[in-house]
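Sharing a structure with you now.
The values are calculated or read from the model by the stated rules, or taken from the named source; none is laboratory data. Computed from a prediction, not measured in an experiment: that's the story for all the values here. Cβ: placed from backbone, ideal geometry, glycine included. Neighbour counts: every protein chain shown. Ligands, DNA and RNA are excluded from the accessible area calculation, which covers all protein heavy atoms including side chains. Shrake-Rupley method; radii C 1.70, N 1.55, O 1.52, S 1.80 Å.
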Amino acid sequence: MAQAMIDRIGGEDALRKLVEDFYDIVEFSADGARLRTLHIRGHGLDHARVEQFNFLSGFLGGRRYYEEKHGHMDVRLMHAHVPVSAETAEDWLKCMDQALADNGLAGPEVDRLRAILRRICMMLVNDLTDWGIRAV
């Protein structure tokens, strides 16, 4: 049986550190500025830190905390209330790339994870005109 990705990266403790490092990058770096704004307008960064861990745990083959709490793992539904531009999606990916590197996570499996995260991020890009934002 194949080992779950969460186990390959070091289990829940390693995932929690990855998520904390990711949100530290979002909170304190220029690359995270647009993401910070979205989170501040929403439930805040502390909430996002918890829910990102909850989601990624199940997504990476561990306990499905997010689903247990919310009844689903539908990323489109999770982000339906958020205006996601292509630039914001790229910012998220850049911050996650940095967090993965900072945690020493590399290699073919992590490259596959990055590709999957990219597909998901781009799937979340939505029509910003619905949010009163003019496309540029």
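I'm told Phe22 meets every condition in (1) open to solvent by 30 Å² or more (accessible area, probe 1.4 Å); (2) within 12 Å of the chain's Cα centre (by Cα); (3) aromatic (Phe, Trp, Tyr) except one. Can you identify the failing condition by its number?
(1)
Mind checking which pairs have a first residue in segment 41-66 that is at negative phi and a second that is modelled with pLDDT under 95 and surrounded by fewer than 19 Cβ atoms within 10 Å (Cβ to Cβ), Cβ under 7 Å, 6 or more apart or different chains?
Once the first residue is at negative phi and sits in segment 41-66, its partners that are modelled with pLDDT under 95 and surrounded by fewer than 19 Cβ atoms within 10 Å (Cβ to Cβ) give Gly42/Val82.
Residues that are surrounded by 18 or more Cβ atoms within 10 Å (Cβ to Cβ) and either closer than 27 Å to Gln3 by Cβ or of a type in the set (Gly, Ala, Ser) (or both): does segment 68-80 have at least one?
no
Quick test for you: out of Ala86, Ala99, pick the one residue that is of a type in the set (A, V, I, L, M, F, W, C) and modelled with pLDDT under 95.
Result: Ala86 is the single residue among Ala86, Ala99 that is of a type in the set (A, V, I, L, M, F, W, C) and modelled with pLDDT under 95.
Check Ile9 against each of (1) out of contact with any His (no Cβ under 9 Å at 6 or more places or on another chain); (2) within 17 Å of Trp92 (Cβ to Cβ); (3) open to solvent by less than 50 Å² (accessible area, probe 1.4 Å) and name the one condition it does not meet.
(2)
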